[in-house]
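Chemist: Attaching a single structure in structure tokens format; questions to follow.
The values are calculated or read from the model by the stated rules, or taken from the named source; none is laboratory data. Because the structure is a prediction, the values reported are computed rather than measured. When we count neighbours, we look across all protein chains shown, and the Cβ atoms used for this are built from the backbone with ideal geometry, even at glycine. Just so you know, the surface numbers come from the protein's heavy atoms only, side chains and all, with ligands and any DNA or RNA stripped out. Shrake-Rupley method; radii C 1.70, N 1.55, O 1.52, S 1.80 Å.
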Amino acid sequence: MYFDYNFQSVPLLIFFINGLIFSILLLKKGIEDESGANIWLSIFIFFCSLYLCPWMCGHARWYFVEPYRQILFYVPTMQVFLLGPVIYFYTQNLLNPAFRLGWAGFLHLLPALAYMVYSLVVVVTDKWVLDEPYFYADGRDKDLDDWYQRLGWIWMTTYALLSILHYNRYRKRIFQSLSFADSVTFAWIKRYLIAFLLMQALLGVFLFLYPEWGNFSNKWWYYFFFSVLSFYIALQGYIHAHQITFSFGFSENKPENIFDDESAEENISASQSLEKTTLNFEEWKPQLLTLLETEHLYENPRLALSDLAERLDTNSTTISRVVNHCFDMNFNDLVNHYRVEAVKQMLSKGQHHKHTLLGIAYDAGFNSKTTFNRAFKKNTGLSPKEYVEKMVS
């Protein structure tokens, strides 16, 4: 097969091959683990690899050699209307293993489907219906048309922002619902979303600000950076693939998912409005304090808002409102406050002479050193070691 190996085609070829390898590995892992998220990432990385083809093959001089020129012309490798929705589906599936696309989800794919139909019309018309090319009379690859690239940029940027908003919404809700929220924030998700948004920022510069965007050689730099960022996303996704098999079991007996209902937040708002004038905070606060101060429920490292609601025979919305109103903090901060107080009490009794600080933290309900250190400093202004040195004799 003809391929001109040079300083511009070879780097893109390396990233192209790596992308295909990661795509296959992620697909295999997704099938084995029954992980929809890994499958979505596999699809995303595959289309990222195809996205490079016009520039990789163009610099390998395919546009000057038949039949390779025809392949680049008539095979729509740059699916710019697919990349955004797929990364959005991937993010949703990561944060909700029960996520399914559904018929409504296919609406996100309509622009990509329309472009595929357009590409099919181009092939049929130019290759089989007419004696000479009509769509390709200008000899320019339709994937590189300015209108397609600009609309694709808008589409991908929109889904990058939607994915970030979805992740931020998730973070907000877990800190309202879980005492172990720090362990399921999955900061690497935010990193790959920033990488995808950076792709769009760079593309925006080349599309709208770079004065020589029309020059084929100058465009190479964007596709090189795109290759690096897509490789980073593939690597991050593959490294952390084992983390996406978690279950949002807010209660061991009653598994619950914070994204199981599209209208969940609307229902909560309606419930809050209904209870606003009837909820007696002074009645609920002592009951909540009993569970935390007397029964020491904070020692459960997997304690969730729904656990308290179940013990008090009410709903999570009520308990969340009581926590926010009576303690002026979210559920995660409240439970960690009691855990820190428990640690301080154990330190005052000299437990640090018999056990490690981390062991004491685990006894108080913390489930990681990072969460313990962060919560302790937030509540006392000191790290655990500084506290022992300054406050404990």
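Chemist: Would you mind finding the one in LYS349, LYS369, LYS378 that is within 17 Å of PHE175 (Cα to Cα), free of Cβ contacts under 8 Å to residues at least 60 places away in the same chain and open to solvent by 50 Å² or more (accessible area, probe 1.4 Å)?
Modeler: Details: LYS349 fails: within 17 Å of PHE175 (Cα to Cα); LYS369 fails: within 17 Å of PHE175 (Cα to Cα).
None of the other options fit; the residue is LYS378.
Chemist: Under 7 Å between Cβ atoms, at least 6 apart or on separate chains: pull out the pairs that start in region 291-316 with a residue that is surrounded by fewer than 16 Cβ atoms within 10 Å (Cβ to Cβ) and end on any residue that is among the aromatic types (Phe, Trp, Tyr) and assigned to a loop (DSSP other than H, G, I, E, B).
Modeler: ARG302/PHE180
Chemist: How many residues, within region 315-342, are in a loop (DSSP other than H, G, I, E, B) and polar (S, T, N, Q)?
Modeler: Initially, region 315-342 is screened for residues in a loop (DSSP other than H, G, I, E, B), giving 315, 328-330.
Imposing the further condition that a residue be polar (S, T, N, Q) reduces the set to 315, 330.
Number of matching residues: 2.
Chemist: Further, regarding this structure: For ILE194, are the conditions met, namely being aliphatic (A, V, I, L, M) and either open to solvent by less than 60 Å² (accessible area, probe 1.4 Å) or within 20 Å of PRO54 (Cα to Cα) (or both)?
Modeler: No; evaluated as a whole, the condition is false for this residue.
Chemist: Please pick out the residue among ILE31, ILE71 that is within 28 Å of VAL124 (Cβ to Cβ) and modelled with pLDDT under 95. Let's see the steps before the verdict.
Modeler: Details: ILE31 fails: within 28 Å of VAL124 (Cβ to Cβ).
When all the criteria are applied, what remains is ILE71.
Chemist: Check region 53-74 and report whether any residue there is open to solvent by less than 40 Å² (accessible area, probe 1.4 Å) and under 17 Å from LEU151 (Cα atoms).
Modeler: No.
Chemist: While we're looking at this one, here's another question. If a residue counts only when it is touching a helix residue (DSSP H, G or I) at 6+ places or on another chain (Cβ under 7 Å) and under 30 Å from GLU34 (Cβ atoms), which helices (runs of 4 or more DSSP H) contained entirely in region 71-172 have at least 2 such residues? Can you show your working first?
Modeler: Working: elements: 80-95, 102-105, 110-124.
Per the criteria, 80-95, 110-124.
Chemist: Considering only residues of region 367-393 that are of a type outside the set (Ser, Thr, Tyr) and assigned to a loop (DSSP other than H, G, I, E, B), which is nearest to LEU297 (Cα to Cα)? Step through it out loud before you land on a result.
Modeler: Of region 367-393, the ones of a type outside the set (Ser, Thr, Tyr) are 367, 369, 372-379, 381-382, 384-386, 388-392.
Cutting the leftovers down to assigned to a loop (DSSP other than H, G, I, E, B) gives us 367, 381-382, 392.
Numbers: ASN367: 14, GLY381: 25, LEU382: 25, VAL392: 26 Å.
In this case the residue turns out to be ASN367.
Chemist: Still on this structure, please answer the following. Within region 237-254, is even one residue modelled with pLDDT of 90 or more and of a type outside the set (Val, Ile, Thr)?
Modeler: Yes, some residue in region 237-254 is modelled with pLDDT of 90 or more and of a type outside the set (Val, Ile, Thr).
Chemist: Taking region 352-366 as the search range and keeping residues that are in a helix (DSSP H, G or I) and free of Cβ contacts under 8 Å to residues at least 12 places away in the same chain, which one is most open to solvent (accessible area, probe 1.4 Å)?
Modeler: From region 352-366, those in a helix (DSSP H, G or I) are 352-353, 357-364; that's our starting set.
Those still in the list that are free of Cβ contacts under 8 Å to residues at least 12 places away in the same chain too: 353, 359.
Numbers: HIS353: 141, GLY359: 22 Å².
Of everything passing the filter in region 352-366, HIS353 is most open to solvent (accessible area, probe 1.4 Å).
Chemist: Still on this model: Residues of region 116-159 being touching an Asp or Glu at 6+ places or on another chain (Cβ under 8 Å), open to solvent by less than 80 Å² (accessible area, probe 1.4 Å) and of a type in the set (Phe, Trp, Tyr), which ones?
Modeler: Result: PHE135, TYR136.
Chemist: Then there's this: Which ones in region 180-191 are aromatic (Phe, Trp, Tyr) and surrounded by 20 or more Cβ atoms within 10 Å (Cβ to Cβ)?
Modeler: Initially, region 180-191 is screened for residues aromatic (Phe, Trp, Tyr), giving 180, 186, 188.
Result: PHE180, single match.
Chemist: Test ASN6 against the stated conditions and say whether it is out of contact with any strand residue (DSSP E or B) (no Cβ under 7 Å at 6 or more places or on another chain), in a loop (DSSP other than H, G, I, E, B), on the phi < 0 side of the Ramachandran plot and among the polar types (S, T, N, Q).
Modeler: Yes; evaluated as a whole, the condition is true for this residue.
Chemist: Restricting region 160-179 to residues that are open to solvent by less than 10 Å² (accessible area, probe 1.4 Å) and not small (Gly, Ala, Ser), which is nearest to the chain's Cα centre (by Cα)? If you could, list the steps in order and put the result at the bottom.
Modeler: Initial filter on region 160-179 (open to solvent by less than 10 Å² (accessible area, probe 1.4 Å)): 160, 163, 167, 170, 174, 178-179.
Narrowing the set further to residues that are not small (Gly, Ala, Ser) leaves 167, 170, 174, 178.
On the way: TYR167: 6, TYR170: 10, ILE174: 15, LEU178: 19 Å.
Among those residues, the one meeting the criterion is TYR167.
Chemist: Note down all Cβ pairs under 6 Å where the first residue falls in region 108-130 and is closer than 30 Å to ILE87 by Cβ, the second is of a type in the set (A, V, I, L, M) and buried (at least 16 other Cβ atoms within 10 Å of the Cβ), and they're at least six residues apart or on different chains.
Modeler: Note: pairs meeting the criteria are ALA112/LEU82.
Chemist: State all residues of region 290-306 that are over 16 Å from ARG173 (Cβ atoms) and assigned to a helix (DSSP H, G or I); if no residue qualifies, say none.
Modeler: THR290, LEU291, LEU292, GLU293, THR294, LEU297, TYR298, GLU299
Chemist: Looking at the structure I just gave you, is GLU386 modelled with pLDDT under 95, over 32 Å from the mean Cα position of the chain (by Cα), acidic (Asp, Glu) and farther than 12 Å from SER179 by Cβ?
Modeler: Working: modelled with pLDDT under 95: yes; over 32 Å from the mean Cα position of the chain (by Cα): yes; acidic (Asp, Glu): yes; farther than 12 Å from SER179 by Cβ: yes.
So GLU386 fits the description; yes.
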